[in-house]
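Have a look at the structure below before the remarks.
The values are calculated or read from the model by the stated rules, or taken from the named source; none is laboratory data. The structure presented is a predicted model; accordingly, all values stated were derived computationally and were not measured. Here the Cβ positions follow ideal geometry from the backbone for every residue, glycine too, while neighbour counts run over all protein chains shown.
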Amino acid sequence: MKFFCRYRSLSKYLVVRKLSQAKPKDVPVPESKTQVICVVSQLVGANYVKVVCTDEQTRVARIPGKLRKKVWISPLDVVLVELWAEVSDKGDIVYKYSRDERKKLIEYGYLDPKLIEYAGGTI
């Protein structure tokens, strides 16, 4: 059984709990037809990126202000894109997946590993 320890400076004691008690982090998946999982292929500039989506289309996605300051987005990152209502080839980035979440998406069948290779990278 694995344990991990964390020192709490406020209460001055050691907290030990089981790893099995830690709740797994949910992986956000597309909830509607306007959300698509994509792989970043190129940084265009001015907070825009080119993405290759799971529906085999190349789109231009915008990094909104709340993500721009907190999350660094680079080529070959897997992101969740919310498509614009007016134009189908543009959208906003809603979420950036971590490496573990990317593996879960591949495991659950939401993301094809060939898409990452097509964008120019490896898993």
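Please identify the pairs in which a residue from region 79-103 that is over 15 Å from Ala61 (Cβ atoms) has its Cβ atom under 7 Å from the Cβ atom of a residue that is at pLDDT 95 or above, counting only partners at least 6 apart or on another chain.
Between residues of region 79-103 that are over 15 Å from Ala61 (Cβ atoms) and residues that are at pLDDT 95 or above, the close pairs are Arg102/Val78.
Output the number of residues of region 21-52 satisfying the condition of being surrounded by 13 or more Cβ atoms within 10 Å (Cβ to Cβ) and either more than 12 Å from the chain's Cα centre (by Cα) or among the acidic types (Asp, Glu) (or both).
11
Of all residues in region 61-87, count the ones that are more than 14 Å from the chain's Cα centre (by Cα), aliphatic (A, V, I, L, M) and exposed (fewer than 15 other Cβ atoms within 10 Å of the Cβ).
Within region 61-87, residues that are more than 14 Å from the chain's Cα centre (by Cα), aliphatic (A, V, I, L, M) and exposed (fewer than 15 other Cβ atoms within 10 Å of the Cβ) number 2.
Taking Asp55, is it loosely packed, with under 13 Cβ neighbours inside 10 Å and within 11 Å of the chain's Cα centre (by Cα)?
Values: loosely packed, with under 13 Cβ neighbours inside 10 Å: yes; within 11 Å of the chain's Cα centre (by Cα): no.
It is false that Asp55 is loosely packed, with under 13 Cβ neighbours inside 10 Å and within 11 Å of the chain's Cα centre (by Cα).
What tally of residues in region 80-123 results from selecting those that are out of contact with any strand residue (DSSP E or B) (no Cβ under 7 Å at 6 or more places or on another chain) and among the β-branched types (Val, Ile, Thr)?
Final tally of qualifying residues: 4.
Please go through region 53-71 and pick out each residue that is closer than 22 Å to Ile116 by Cα and either in contact with a His (Cβ under 8 Å, 6 or more places away or on another chain) or among the small types (Gly, Ala, Ser) (or both).
Result: Ala61, single match.
Quick one: which strands (runs of 3 or more DSSP E) lie wholly within region 37-123 and hold at least 3 residues that are within 22 Å of Asp26 (Cβ to Cβ)? Let's see the steps before the verdict.
Working: elements: 48-53, 58-62, 78-83, 90-96.
Correct list: 78-83, 90-96.
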